[in-house]
Amino acid sequence: MTVNRFLVIFDHILFIFILHLLTISHIIDYYKHIGINTRRSIMLFKPSVGKLWDTLLFEHSGVFHLFFLCDGDLGHAISHDLAHWKEEEPISFKEKGTWHERGVLLTGSVLEKDDKFYYALGSIDNYGRQVYGFAVSDDLYDWNVIDKEPVIYAGSDHYSSETTPGLSTGWRDPFFRIDDKGWIHAYLCAHSPVRDHSTSGAVIAHIRSKDLRHWEYLPPVASIGHKIRQAECPSIIDINGKWYVIFLDHGWGGMRWHTGGYEDSSGMYYMVAENPDGPYELNENPFLLGSGGDRQASWAGRAIKVDGRWLLYSHMSGETAFANIKEIVQTPDGGLELRYFPAFDKLIIGKQKSINSVIFMQNDRGIWTASDGAIVGRADAMGTGASILEQAESFILEADVSMEYGAALGFALRTATDELPARFPGLPPFRETSAVVIKLDFELGRAEIEKLYRARAEGYGRNTRDIVSGGFARDFDRRSISLLYRKEYKVKILARGPYYELYLDDKLILCKYINHPVSGGIELIVERGQAAFRNIRLTPVEPM
């Protein structure tokens, strides 16, 4: 090769390389322009530094402000569509020698009054008590603490101010409501002075004020100590003439609540009343958002009204991030449920792909057919799987599914195959396929999500990975639901980053963090029976 020809080829390679760099740069600049945090956009948002915890969402002039507890400061991000977020500078309230010297330790709220914004700043005083004062702002960016001493603290005969070693008596997480007479009502996680074997004393406190400085202490709107330890993060909402209080609990301190299809449920619950001041009573099915096994999953939900619709926002544990937003919908019996809210649709980046065929899996004992827009799988004795896509990163997966007979149907997402060392000397290396598996188990009447491994002739589920050397504990969530054979269900699965959500007929069923590769193939699965999959669609969304 001559020197001149080499230089020409080198120039072409250099030109292509620079062009790729410019293209990537333009993509990044575009994402920054529309507000996407290109490095930390997991599920909806994750801060670049620190850990996102309890969140507060506030809307003003078409801009949504997300405030969140973050390493002793108040994190801040903004959005115009509830899907793309731009991170702002954190807000620090630490001031040496003040009652709030320890910083923002407690969840607060924002209230707009007289063209100013007031943030309820919560901290723990030198006596271990949870207390609040206010900071004020003209623009939601720069804040000044205006109270030299806390003005909201536990008091009166209704609420206990005693502290216990290691855990302060609840007095935190205020939610504000202004009535038509100008009263500012605050509802807080609190405890009554009465605690014994029958009650933890957990109540939702009620106080009111006209000036944010002098507060009148009213009786609690709800008493829930017979079921939970603490009614955290309360929200008061109204839908069609009924009032609801939504609150959070972990099921700790010996409390165990089996409800909403979960054993040892943990998350957001609700109570119902005929007027905002209560008394609120438990619904027959009071569970709204969370998980089983007494775990923190989708956590610390709070309510906000946007364009006449009540929405529930929260954060997800694991690799903590701002979770996907759901709509709060009233059911015909006056209860509540969460439904899909289309803010997630704004993350769509490509055309929807229809899937009408399968790839038969080697060594699989199932039978698969595809005709008339339906894919039918059958496994007589074991489990079976069929690949429908070799690679998918972040997506919305939709399908109409039905179970003719048998045990379960589902999807294996982001399948990943690893080559492991030989189990015994002289044998070839062992290849192992894992996936995040979402199943509808008709035999047991429940929805499941967990990380599973695939046995070649058995499908996903219990195999030698479970029984050799004593097995291992799975990372799963399972929720009991009513499932009928030969009935068609509309499945919607969201997968972005390590977070997954399952909706049936647009109703939220499961949400879960699972540490697994964020890309891989997709398989249909059937266990010991026959199932049909129709109208399978995959829509790509912006990756994390």
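The values are calculated or read from the model by the stated rules, or taken from the named source; none is laboratory data. Just so you know, these numbers come straight off a predicted model, no measurement behind them. Note that each Cβ is placed from the backbone with ideal geometry, even for glycine, and that neighbours are counted across all protein chains shown. Just the protein is used for accessible areas: all its heavy atoms, side chains included, with ligands, DNA and RNA removed. Shrake-Rupley method; radii C 1.70, N 1.55, O 1.52, S 1.80 Å.
Miscellaneous remarks
- Enumeration of residues in the range 296-311 that are of a type in the set (D, E, K, R) and surrounded by fewer than 21 Cβ atoms within 10 Å (Cβ to Cβ): LYS305, ASP307, ARG309
- Condition met for GLU162 (open to solvent by 60 Å² or more (accessible area, probe 1.4 Å), within 20 Å of LEU105 (Cβ to Cβ) and of a type outside the set (Gly, Ala, Ser)): yes
- For the range 476-521, the set of residues classified as closer than 13 Å to LYS439 by Cα, assigned to a strand (DSSP E or B) and aliphatic (A, V, I, L, M) consists of VAL491, ILE493, LEU502, LEU504, ILE509, LEU510, listed by residue number.
- Selection count, the range 522-544, where residues are in a loop (DSSP other than H, G, I, E, B) and open to solvent by 20 Å² or more (accessible area, probe 1.4 Å): 2
- Taken over the range 258-310, residues that are charged (D, E, K, R) and either farther than 20 Å from PHE341 by Cβ or in contact with a Gly (Cβ under 9 Å, 6 or more places away or on another chain) (or both) amount to 8.
- Odd one out for ILE348 among (1) among the hydrophobic types (A, V, I, L, M, F, W, C); (2) crowded, with 20+ Cβ neighbours inside 10 Å; (3) closer than 15 Å to ARG496 by Cα: (2)
- Residue in the range 198-212 that is in a strand (DSSP E or B), open to solvent by 20 Å² or more (accessible area, probe 1.4 Å), more than 21 Å from MET271 (Cα to Cα) and not basic (Lys, Arg) present: no
- None of ASP477, ASP505 is under 16 Å from the mean Cα position of the chain (by Cα) and either acidic (Asp, Glu) or open to solvent by 40 Å² or more (accessible area, probe 1.4 Å) (or both) except ASP477.
- Condition check for GLY497: modelled with pLDDT under 95 and within 18 Å of the chain's Cα centre (by Cα): yes
Here is a yes/no grid of residues against (1) free of Cβ contacts under 8 Å to residues at least 60 places away in the same chain; (2) in a loop (DSSP other than H, G, I, E, B); (3) of a type outside the set (Lys, Arg):
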position	(1), (2), (3)
GLU149	yes, yes, yes
PHE175	no, no, yes
ASP180	yes, yes, yes
CYS189	yes, no, yes
TYR217	no, no, yes
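- Count of the range 220-243 residues, restricted to those that are assigned to a loop (DSSP other than H, G, I, E, B) and on the phi < 0 side of the Ramachandran plot, is 8.
- Pair list, Cβ under 6 Å, 6 or more apart: the range 435-458 residue at negative phi and at pLDDT 95 or above, other residue among the aromatic types (Phe, Trp, Tyr) and crowded, with 24+ Cβ neighbours inside 10 Å: VAL437/TYR460; ILE438/PHE411
- When residues in the range 351-401 are screened for being in a strand (DSSP E or B) and either surrounded by fewer than 15 Cβ atoms within 10 Å (Cβ to Cβ) or basic (Lys, Arg) (or both), 11 of them pass.
- Boolean, PRO286 is over 22 Å from THR107 (Cα atoms), assigned to a strand (DSSP E or B), open to solvent by less than 10 Å² (accessible area, probe 1.4 Å) and of a type outside the set (Phe, Trp, Tyr): yes
Per-residue answers, yes or no, for (1) within 25 Å of LEU538 (Cβ to Cβ); (2) among the β-branched types (Val, Ile, Thr); (3) at pLDDT 95 or above:
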{"residue": "ARG309", "(1), (2), (3)": "no, no, yes"}
{"residue": "TYR313", "(1), (2), (3)": "no, no, yes"}
{"residue": "GLY335", "(1), (2), (3)": "no, no, yes"}
{"residue": "ARG339", "(1), (2), (3)": "yes, no, yes"}
{"residue": "GLY350", "(1), (2), (3)": "yes, no, no"}
{"residue": "MET361", "(1), (2), (3)": "yes, no, no"}
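- Contact map, the range 371-393: first residue at pLDDT below 90, second residue surrounded by 17 or more Cβ atoms within 10 Å (Cβ to Cβ) and assigned to a strand (DSSP E or B), Cβ cut-off under 8 Å, separation 6 or more or different chains; pairs are ASP380/ARG528; ALA381/ARG528; MET382/GLY459; MET382/GLU527; MET382/ARG528.
- The set of residues in the range 82-129 that are touching a residue at least 24 places away in the same chain (Cβ under 8 Å), open to solvent by 20 Å² or more (accessible area, probe 1.4 Å) and in a strand (DSSP E or B) comprises LYS86, GLU87, GLU112, LYS113, TYR118, ILE124.
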